[in-house]
Amino acid sequence: GCSSLSSVELDTSSGTNFLYMFYNCSSLSSVELDTSSGTDFSNMFYNCSSLSSVILTGCKYTVSVANGVLSGTALDALYTSLGTAAGSQTITVSGNHGTSSDTPSIATAKGFTVSGS
């Protein structure tokens, strides 16, 4: 609920639980995190309607960036940052204006199902 938070770049390489981390951070526009050790990303970006750049280096589990303002280029950068999916995992991107020009095959090649593209 940090409504004034606009960007984040942290050393989260040993973090495992990202549950609700940026919940209701409506001004958050840019995030760059090492999420390679993470296992729970539930509602991490819920109601983050200003998201325009998200890098989740090594993410292997289901995550949603729905209803942000990510462009096709930003979505492709996100897909590129993902790790190999740990089993059946989904990345939800619905509601972003870049879904008409993104390249979801970047994420599907890593084992993710892309929802909303």
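Observations on the structure shown:
- Percentage relative contact order, the chain, counting C-alpha pairs under 8 Å, at least six apart: 20 percent
- Label-zone membership for the range 10-27, site residue 39, 7 angstrom Cα→C-beta point, backbone N under 11 Å: 16-17
- Charged side chains reduced to their Cβ positions (Lys and Arg at +1, Asp and Glu at -1) give the chain a dipole of some 240 debye around its Cα centre.
- Options (i) -0.47, -0.55, -0.72; (ii) -0.41, -0.48, -0.63; (iii) -0.53, -0.61, -0.78 - which one matches log10 I(q)/I(0) by the Debye sum over Cα atoms at q = 0.13, 0.14, 0.16 Å⁻¹ as calculated here: (ii)
- Take the Cβ atoms of residue 4 and residue 32, set R0 to 22 Å, and the FRET efficiency comes out at 0.75.
- Cβ-based net charge around residue 78, under 13 Å, with every Lys or Arg adding one and every Asp or Glu removing one: -2
- Taking 0.36 nm per residue of separation and subtracting the current Cα-Cα distance, fully stretching the chain between residue 105 and residue 47 would add 18.3 nm.
- Label point distance in nm, residue 115-residue 17, each placed 7 Å from Cα along Cα→Cβ: 2.3 nm
Computed from the coordinates by the stated procedures, all read-outs in this text should not be read as laboratory data. These figures come from a predicted structure and were not determined experimentally. Reconstructed Cβ throughout: ideal geometry from the backbone, glycine too, with neighbour counts over all protein chains shown.
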